[in-house]
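> Have a look at the structure that comes next, please.
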Amino acid sequence: MINLFTLGLAAMLAFSSPAIAQSLIIPHGQGETRIEGQPQSVVVTDWAAFDNLTALGVKVAGVPGSNVPGHLADKVSADMVKVGSLQEPDIEGIAALSPDLVIVAGRSRTAYPTLSRIAPTLDVSVDNAALIDSVKANLTTFGKIFGKSDRAAELIVALDAKVEEARAAAAGKGAGLVIITNGNRIGIYGPESRVSWIYKELNIPSVFDNVDDRDHGGDAITFEYLLQTNPDWLFVVDRDAGVGNDGSARQLLDNELIHQTNFWKNDRVIYLDPQASYVTMHGYDALIVLLDQVIAGYSAQ
C-alpha cells in the first residue's frame, strides 16, 4: 500500500526544494555576491545585460530609461520601470522596487558600491580582449542563477556556430579596419576595444601594428590615413546613430579621398548596426545581429 504521508512529504519537498537548494555565491567584476533562491524581481542598468537575460527568457522589472536599442525595442514592455540612464542609474527608483537582484555593467558599473547596499548586485562588465568568451560566461552565469542552464547552453552553441560561419565567410578575403565616426571625427578601433572580436574571433588581419584606442572614440585618424593604409574591408560604427542622434557616417565617407580606396571601389564597406556595435555589443542578440551583417557583407562579394 502506498504510504500517503510519504507521498505528501515528497510533494512538499518537490515544491520547496528549488528555493531551499539554491544559495549561490557568484563571482563578478567587483567581488562576490550571495544570491539566496531564484530572483523574482530583477533590475538591469545595462542594455547588454537585458539582451542576455531576455535571450534566456528571463523577465526583468526595471530597465534603463534611455537609448533603447532598436533590436531590443520589441522586448521592452510598458510594465518595466525606467531606472535612470546608462551612466546614471536612478538609485532611489531602484530602491523603491525592492529588487531581489540588480545587474550593472559597463557604463553603470560605478554605481555598484551604492546599489550593492540596496540589494544583491552583480557587475557583469566584460573583457573586451575576450568579448565573446565573456558573453558566453555571462550567459552561463545567468543560466545558473535563473534555472536556465539548458537554454544558456543552446545559445552558446548557436553563437559559436555563427562565429564559425562569419570566420569562414571572411577567410582569405584580405585585411580589415574598424572605424568609428563621431560628427566629423574618425577614429580607429584596435585589439583591446569593444570591436576587437572582429579581428580576434574572425581572424580578419588588421592594417596597423599599434593603435591607442582606449578613448571611447578610438584613436583619431584622417581620410589620408584610410587612403594610405587602404584596407580591403572597412567596418563602420556610427556613434551618433548609436546614441540616438542623426547618423552621418555615410555622408562623411563619401568624398574624393575615400573614393580612391580599395574598399570603396570594391563596395566593401560594412556599416555595422550602430546601437548593437556601440551600446549592446556585449549582448547575445547584438552579437548575432553584427555577425549576420559581417556574413552578409562578405557573402555579397
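Bear in mind these aren't lab numbers, they're just calculated from the coordinates by the rules spelled out. Worth saying up front: this structure is predicted, and the values here are computed from it rather than measured. As a convention, Cβ positions derive from the backbone with ideal geometry for all residues, glycine included, and neighbour counts pool all protein chains shown.
> Relative to the longest principal axis of the chain, what angle (0 to 90°, nearest 10) does the C-alpha long axis of helix 284-299 take?
With rounding to tens, the tilt is 30 degrees.
> Over region 21-156, calculate the relative contact order: mean separation of alpha carbon pairs under 8 Å at least 6 apart, over the residue count, as a percent.
Reported relative contact order: 26 percent.
> OK, next. Taking the chain as a Gaussian network, where each spring joins two C-alpha atoms under 10 Å apart, which residue of Asp238, Asp51, Asp160 fluctuates the most?
Top of the fluctuation ranking is Asp160.
> Now for a separate question. Pairs of alpha-carbon atoms within less than 8 angstrom and 6+ residues apart define the contacts here; what relative contact order does region 166-299 have, in percent?
27 percent
> Report, ordered by chain and residue number, the lysines lying within cross-link reach of Lys148, taken as a straight Cα distance under 22 Å and ignoring same-chain residues fewer than 8 apart.
Lys59, Lys75, Lys136, Lys162
> Related question: Can you compute the modelled spin-label distance between Arg34 and Ser66, with each label point 7 Å from Cα toward Cβ, in nm?
3.7 nm
> OK, next. Could you line up Trp47, Trp264, Trp233 from fewest to most neighbouring Cβ atoms inside 10 Å?
Trp264, Trp233, Trp47
> Okay, moving on. Within the chain, what's the longest run with no GluC sites (Glu not before Pro) in a DSSP loop and at most 14 other beta-carbon atoms within 10 Å? Give the range, please.
Longest site-free region, per DSSP loop and neighbour criteria: 1-191.
> Another one. What do you get for the angle between helix 4-21 and the principal long axis of the chain? Use alpha-carbon atoms, 0 to 90 degrees, nearest ten.
Helix 4-21 and the main axis of the chain meet at about 40 degrees.
> For Ser299, Ser196, what's the fewest-to-most ordering of other Cβ within 10 Å of each Cβ?
Ser299, Ser196
> Which value at 222 nm does the chain reach when only helices count, each DSSP H run of 4 or more adding -39,500 (n - 2.57), with the total divided by all residues and rounded to the nearest 500 deg cm²/dmol?
Per the formula, -12000 deg cm²/dmol.
> Can you sort Lys265, Lys136 by how many other beta carbons sit within 10 Å, fewest first?
So the residues, fewest neighbours to most, are Lys265, Lys136.
> Let me ask another. For Arg167, what charge total do you get from the other residues with a beta carbon under 12 Å from its beta carbon, if Lys and Arg give +1 and Asp and Glu give -1?
-1
> I need the calculated FRET efficiency for the pair Asn255 and Thr110, taking r as the beta carbon distance and R₀ as 45 Å, to the nearest 0.05.
Using R0 = 45 Å, I get an efficiency of 0.70.
> Now, a different point. Using a 10 angstrom cutoff on alpha carbons, build the Gaussian network for the chain and name the most mobile of Ala171, Ala55, Ala96.
Ranking Ala171, Ala55, Ala96 by mean-square fluctuation puts Ala96 first.
> Let me ask something else. How high is the relative contact order of the chain, given as a whole-number percent (alpha carbon pairs under 8 Å, six or more residues apart)?
Answer for the chain is 17 percent.
> Compute the acute angle (0 to 90°) between the alpha-carbon long axis of helix 47-56 and the principal axis of greatest extent of the alpha-carbon atoms of the chain; round to the nearest 10°.
60 degrees
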